[in-house]
1. Of everything in the range 4-34, what is among the hydroxyl-bearing types (Ser, Thr, Tyr) and surrounded by fewer than 16 Cβ atoms within 10 Å (Cβ to Cβ)? Give them in sequence order.
2. Looking at SER42, is it under 12 Å from the mean Cα position of the chain (by Cα), of a type in the set (S, T, N, Q), crowded, with 21+ Cβ neighbours inside 10 Å and at pLDDT 95 or above?
3. Report yes if some residue within the range 81-102 is at pLDDT 90 or above, surrounded by 19 or more Cβ atoms within 10 Å (Cβ to Cβ), under 16 Å from the mean Cα position of the chain (by Cα) and small (Gly, Ala, Ser); otherwise report no.
4. I'd like to verify a number: residues in the range 31-73 that are more than 15 Å from ASP87 (Cα to Cα) and part of a loop (DSSP other than H, G, I, E, B), how many?
5. With respect to GLU9, is the statement that it is modelled with pLDDT of 95 or more and either assigned to a helix (DSSP H, G or I) or hydroxyl-bearing (Ser, Thr, Tyr) (or both) true?
6. Can you name the number of the only condition in (1) surrounded by 14 or more Cβ atoms within 10 Å (Cβ to Cβ); (2) modelled with pLDDT of 95 or more; (3) polar (S, T, N, Q) that SER124 fails?
Amino acid sequence: MDINAFSNEWFTFGDMDYEAAQYLLDMPKRSNEIICYHCQQSAEKYLKGYIFIQGAEAEKTHNLISLCKKCIEFDKEFEAIMDECSDLTSYAVMVRYPFHIDLEEADVLLAIKNVSRIIDFIKSKTT
């Protein structure tokens, strides 16, 4: 298996989630929950892609904190994005099921900002 090609697939799918979040942001009747979900998914895929680049197996989890901790094992500088990972983690499950969460525009804008920072950080480590 070509590790770089496999990691690039993770990044490509992460980009698709990020682009979906951006697209949905401009919808007249937007779903804040779905936008935040796509932000979490994008970050998850980028973290897993980085882990695969390191030659390790990413655990099957949606917990970005756990994935970021795994990345820290390879590069302590990943501590810089731990807060962003923490903020996005709950959007993996809570927004997909009928739990009541009131997400406002500020939450959505923060989710977009957080995932952008995670993507930019990981890209800076892999290019």
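1. Listed by number, the residues that qualify are THR12, TYR23, SER31.
2. Judged against the criteria, SER42 is a match.
3. no
4. Count: 9.
5. So GLU9 fails the test.
6. Unmet for SER124, out of (1) surrounded by 14 or more Cβ atoms within 10 Å (Cβ to Cβ); (2) modelled with pLDDT of 95 or more; (3) polar (S, T, N, Q): (1).
The values are calculated or read from the model by the stated rules, or taken from the named source; none is laboratory data. If you're wondering where the values come from, they're calculated on a predicted model, not measured in any experiment. Reconstructed Cβ throughout: ideal geometry from the backbone, glycine too, with neighbour counts over all protein chains shown.
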